[in-house]
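*Asks:* If you scroll down you'll find the structure; I have some questions about it.
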Amino acid sequence: HNYGSALGAMERYDEAEAVLSEVVGERAEIFGDTHPQTIGARSMLASYVQQLGRNEEAADQFRAILDARTEILGPDHHSTHTARGNLAVPLIAMGELDEAERLNREAIEGLRAVLPEGHAKILILMSTRAYLLEDMGRDEEAEALYREQIVLRERASGGNDPATWSSYNNLAMLLQRTDRPAEALEQYEKLLAMCRASLPEGHIYTALFENNYGACLTDLGRPEEAREVLERSHAIIVSTFPEGHPRITKSQSRLDALDD
């Protein structure tokens, strides 16, 4: 189970799916289909199915997990609320935004009733909600939520963790998309300073955020600076992900745009 989780963290989702499928089968045989150990493995497996783009399959799995947790643990157990939040993720990708919004809202409200404010599970659901709100065209609400997450995460970790960095990155991307590149640049610069203080040179997290920063420099009409940043980050992205990966494609398109 932990090995599958590590593979997923490395974005090796095909391998993670194979490992977790085996774990689910073994746990079901030993503990039963509805044992928390089995359901926990099924939930992780469903998350990797979703990452592989099989959203309908993932939604079916998450819905079955939600039903099982509701029946066994009750509707107000924190694991049941987590299952609601997990189901919302593939539904967003499928365009089922109204149901996703309801599930996500119920999950956040439910977890806030049983967990302290700023708990990691609540913050994860807040992240989901923020990009859900973006998809629904509610940019002002999404921006406010990203900023709230940053405050809560910095209070908990001092900003020295990848989850906080993701919130900074998502806020910067929203600002960039809504024609505020100068404000976005400020967020990217804060983000990259934190990454460089905590991570070794050439780390993939820094490279991914730098790549977004380079796109922002392009939007600001600073092509020479943008090219330097994009070329440096692109080399790391290419060396990290397999050929044809969407991250490589996006990075290459940003370089190509400088030559148009």
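Nothing in this text is a laboratory measurement; each read-out follows from the coordinates by a stated rule. Every value quoted in this text rests on a predicted model; they were computed, and no experiment measured them. Here the Cβ is made from the backbone with ideal geometry for all residues, glycine too, and neighbour counts use every protein chain on show.
*Asks:* In nm, to one decimal, how far is the modelled label at residue 196 from the one at residue 180, with both set 7 Å along Cα→Cβ?
*Replies:* 2.5 nm
*Asks:* Under a plain spin-label model, where a point goes 7 Å from the Cα along Cα-to-Cβ, how far apart in nm are residue 238 and residue 161?
*Replies:* Roughly 3.6 nm, to one decimal.
*Asks:* Residue by residue through the range 77-89, which ³J(HN,Hα) values in whole Hz follow from phi under the Karplus form 6.51 cos²θ - 1.76 cosθ + 1.60 (θ = phi - 60°), with glycine and proline marked x?
*Replies:* 6, 4, 5, 5, 5, 4, 4, 4, x, 5, 4, 4, 5
*Asks:* Using alpha carbons only, how many degrees (0 to 90, rounded to 10) separate the axis of helix 120-135 from the longest principal axis of the chain?
*Replies:* Roughly 60 degrees between the two axes.
*Asks:* Can you tell me the 0 to 90 degree angle between the C-alpha axis of helix 223-240 and the longest principal axis of the chain, rounded to 10?
*Replies:* 40 degrees
*Asks:* Moving to a separate point now. Could you tally the net charge around residue 231, taking each other residue with its Cβ under 14 Å from the Cβ of residue 231, Lys/Arg +1 and Asp/Glu -1?
*Replies:* With Lys, Arg at +1 and Asp, Glu at -1, the neighbours total -3.
*Asks:* Rounded, prolate or oblate for the chain? Axes are the square roots of the Cα gyration tensor eigenvalues, ordered a ≥ b ≥ c, and the cut-off for rounded is a/c under 1.5.
*Replies:* Taking the square roots of the gyration eigenvalues as a ≥ b ≥ c, the chain is prolate.
*Asks:* Now a separate question. Could you please report the charge total around residue 8, scoring K, R as +1 and D, E as -1 over all other residues with beta-carbon less than 12 angstrom from its beta-carbon?
*Replies:* -3
*Asks:* How high is the relative contact order of the chain, in percent, with contacts defined as C-alpha pairs under 8 Å that are six or more residues apart?
*Replies:* 8 percent
*Asks:* Need one number: nm distance between label points at residue 12 and residue 35, each 7 Å from Cα along Cα→Cβ, rounded to one decimal.
*Replies:* The modelled label-to-label distance comes out at 2.7 nm.
*Asks:* Using a ≥ b ≥ c from the Cα gyration tensor of the range 137-192 (square roots of the eigenvalues), is it rounded, prolate or oblate, where a/c under 1.5 gives rounded and otherwise the larger of a/b and b/c decides, a/b for prolate?
*Replies:* oblate
*Asks:* If you filter the range 154-260 for GluC sites (Glu not before Pro), then keep DSSP loop positions with at most 12 other Cβ within 10 Å, what is left?
*Replies:* Sites meeting the loop and neighbour criteria: 201, 243.
*Asks:* Quick check on the range 56-150: take the gyration tensor over C-alpha atoms, sort the square-rooted eigenvalues as a ≥ b ≥ c, and tell me if it's rounded (a/c under 1.5), prolate or oblate.
*Replies:* oblate
*Asks:* Cα axis of helix 97-114 to longest principal axis of the chain: angle in degrees, 0 to 90, nearest 10?
*Replies:* Tilt relative to the chain: about 70 degrees.
*Asks:* If I take every Cα pair under 8 Å that is 6 or more residues apart in the range 1-126, average their sequence separation and divide by the length, what percent do I get for the relative contact order?
*Replies:* Relative contact order for the range 1-126 comes out at 16 percent.
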